[in-house]
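A.B. asks: Let me give you the structure first, and then I'll get to my questions.
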Amino acid sequence: MPRKKRKPTGKGGNKLKIGLIRHYRVLKALPRGALVTGEELRRWFEEYDEADIEPGNAALHDSSWARCFSSDMPRAAKTAGHLYRGEIRYLPELREIPAPAFRSGLKLPVPLWFALLRTAGWHNRKSRGDIREAKRRVERIVDLALAEPQQDTLIVSHAAVMFYLRKELVRRGFRGPSFQIAKNGKLYVFEKKTETEET
């Protein structure tokens with residue numbers, strides 16, 4: 001029998017593409033004052049989670065994204081709706097890793113609080129658990145993106161989750177840009193050569 005090559009859906013040819021994009025900038029200013037308490041910062045995060053976004057002009061390049069997955073948190077869901085005209089799958093697995101709750105009355109500068117947040121995985125037991133769970137969620141998302149039929153997939157999510165998404169994609173053989181904290185509304189494209197199958 002003649003043998004046929006099967007290609008992934010989308011304009012990737014023999015390359016599968018996964019695009020990662022962080023939600024647009026959130027319209028929520030940082031807490032006012034030179035010093036804030038942990039409780040004030042916790043309330044700020046609650047308000048940040050519900051705040052509106054500033055729509056941007058993200059360039060989706062010339063790829064025809066066959067599908068779109070998005071976090072179901074408001075800022076990501078609104079970004080996905082602004083960017084993508086097809087059906088969007090809103091997935092709780094793409095939610096941001098929760099910020100640890102510092103309920104201390106101690107007042108610190110906001111930059112110092114955020115430095116503590118970035119290192120919470122080292123000194124906060126709950127944060128370590130949240131990070132482990134986020135890594136498991138990321139594995140499930142990549143499994144879903146790579147399930148048959150393989151299609152070029154746009155994923156709209158959050159800064160910390162994107163960091164682990166990138167690591168997982170690289171671990172599975174994708175190539176793409178490096179970043180620590182993804183920029184709001186910027187598309188990061190990862191590609192992997194697909195093996196041609198014969199039937």
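A.B. asks: When the residues of segment 142-184 are filtered to those that are over 25 Å from His82 (Cβ atoms) and among the hydrophobic types (A, V, I, L, M, F, W, C), which remaining residue is farthest from the chain's Cα centre (by Cα)?
C.D. replies: Filtering segment 142-184 for residues that are over 25 Å from His82 (Cβ atoms) and among the hydrophobic types (A, V, I, L, M, F, W, C), the one farthest from the chain's Cα centre (by Cα) comes out as Ala147.
A.B. asks: Show the residue pairs that are 6+ apart or on different chains and have beta-carbon atoms under 8 Å apart, the first residue being within segment 128-139 and over 10 Å from Pro98 (Cβ atoms), the second being part of a helix (DSSP H, G or I) and among the aliphatic types (A, V, I, L, M).
C.D. replies: So the pair list comes out as Arg137/Leu94; Arg137/Val161; Val138/Val161; Val138/Leu165.
A.B. asks: Considering each residue of segment 89-103, count those that are surrounded by fewer than 20 Cβ atoms within 10 Å (Cβ to Cβ), aliphatic (A, V, I, L, M) and without any contact (Cβ under 8 Å) to a residue 60 or more places away in the chain, and give that number.
C.D. replies: Final tally of qualifying residues: 1.
A.B. asks: I want to confirm something. Restricting to segment 35-76 and keeping residues that are assigned to a helix (DSSP H, G or I) and farther than 19 Å from Ala159 by Cβ, which single residue is most open to solvent (accessible area, probe 1.4 Å)?
C.D. replies: Arg43
A.B. asks: When only residues in segment 15-51 that are among the small types (Gly, Ala, Ser) and within 25 Å of Gly185 (Cβ to Cβ) count, which is modelled with the lowest pLDDT?
C.D. replies: Among residues in segment 15-51 that are among the small types (Gly, Ala, Ser) and within 25 Å of Gly185 (Cβ to Cβ), the one modelled with the lowest pLDDT is Ala29.
A.B. asks: Can you name every residue in segment 77-98 that is part of a loop (DSSP other than H, G, I, E, B) and either more than 22 Å from Glu191 (Cα to Cα) or of a type in the set (Phe, Trp, Tyr) (or both)?
C.D. replies: Tyr84, Arg85, Glu87, Arg95, Glu96, Ile97, Pro98
A.B. asks: What's the number of the condition Ala160 fails, among (1) in contact with an Asp or Glu (Cβ under 8 Å, 6 or more places away or on another chain); (2) in a strand (DSSP E or B); (3) among the hydrophobic types (A, V, I, L, M, F, W, C)?
C.D. replies: (2)
The values are calculated or read from the model by the stated rules, or taken from the named source; none is laboratory data. On a predicted model such as this, the values are computed, not experimentally measured, just so you know. When we count neighbours, we look across all protein chains shown, and the Cβ atoms used for this are built from the backbone with ideal geometry, even at glycine. What goes into the accessible areas is simple: the full protein's heavy atoms, side chains included, and nothing from ligands, DNA or RNA. Shrake-Rupley method; radii C 1.70, N 1.55, O 1.52, S 1.80 Å.
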